[in-house]
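Asks: Shown below is the structure under consideration.
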Amino acid sequence: MTGWLRAAALADAAGIEMSSHLYPEVSAHLFAVTPTAHFLESVDWAAPILERPLEVSDGQARPSDKPGSGLDWNEEAVARFTVES
């Protein structure tokens, strides 16, 4: 997070837009404090195993207002996808 905030400050000073790649649950929170936020890549690959997937409606990401990064695992769902070796 610290690295992102440093990069965001540099991008803001230079007038450069910032975009994300993967982990939209985390990136949505970071974009909220990024002055030059541009494009949030949103893929819902992890949604089936997350306790609270990122909500996207009308083209807007709506991160949870609960504490944390948004990556809370749904242990029951994770267990369904576990492969025993």
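The values are calculated or read from the model by the stated rules, or taken from the named source; none is laboratory data. Remember, it's a predicted structure, so these values are computed and weren't measured experimentally. Positions of Cβ are backbone-derived with ideal geometry, glycine not excepted, and every protein chain shown enters the neighbour counts. When the accessible area is computed, the model is the full protein with side chains, heavy atoms only, and any ligands, DNA or RNA have been set aside. Shrake-Rupley method; radii C 1.70, N 1.55, O 1.52, S 1.80 Å.
Asks: What three numbers, in Å, describe the spread of the alpha carbons of the chain along their principal axes, ordered from the longest?
Replies: Sorted from largest, the Cα extents of the chain read 50, 31, 22 Å.
Asks: First select every other residue whose beta carbon is under 12 angstrom from the beta carbon of Leu22; then total the charges, Lys and Arg +1, Asp and Glu -1. Let's see the in-between values first.
Replies: Details: positive: none; negative: Glu25, Glu41, Asp44.
It works out to a net charge of -3.
Asks: What spacing in nm lies between the two simple spin-label points modelled at Leu5 and Trp45, each 7 Å away from Cα in the Cβ direction?
Replies: My value for the distance between the label points is 2.8 nm.
Asks: If you don't mind, there's one more thing I want to ask. Accessible surface of His21 in the full protein assembly, 1.4 angstrom probe, to the nearest 10 Å²?
Replies: Accessible area, nearest 10 Å²: 130 Å².
Asks: Also, quick follow-up: Taking all protein chains as present, what is the carbon and sulfur share of the accessible area of the chain, in % to the nearest whole number, probe 1.4 Å?
Replies: On the way: 3410 of 6180 Å².
With neighbouring chains kept in place, the figure for the chain is 55 percent.
Asks: Mind listing the phi-derived Karplus ³J(HN,Hα) values for the range 47-61, rounded to whole Hz, using 6.51, -1.76 and 1.60 with θ = phi - 60°, and x for any glycine or proline?
Replies: 3, x, 10, 9, 5, 9, x, 5, 8, 10, 9, 6, x, 10, 7
Asks: How much of Val56 can a 1.4 Å solvent probe reach, expressed as accessible area in Å² and rounded to 10?
Replies: Answer for Val56: close to 80 Å² accessible.
Asks: Where only protein heavy atoms count, and the probe is 1.4 Å, what is the accessible area per residue for the range 12-85 in Å²?
Replies: Working: 5360 Å² over 74 residues.
Accessible area per residue, the range 12-85: 72 Å².
Asks: I've got another one for you. For the pair Glu55 and Thr36, how long in nm is the line joining their label points, each one 7 Å along Cα→Cβ?
Replies: The two pseudo-label positions are separated by 3.2 nm.
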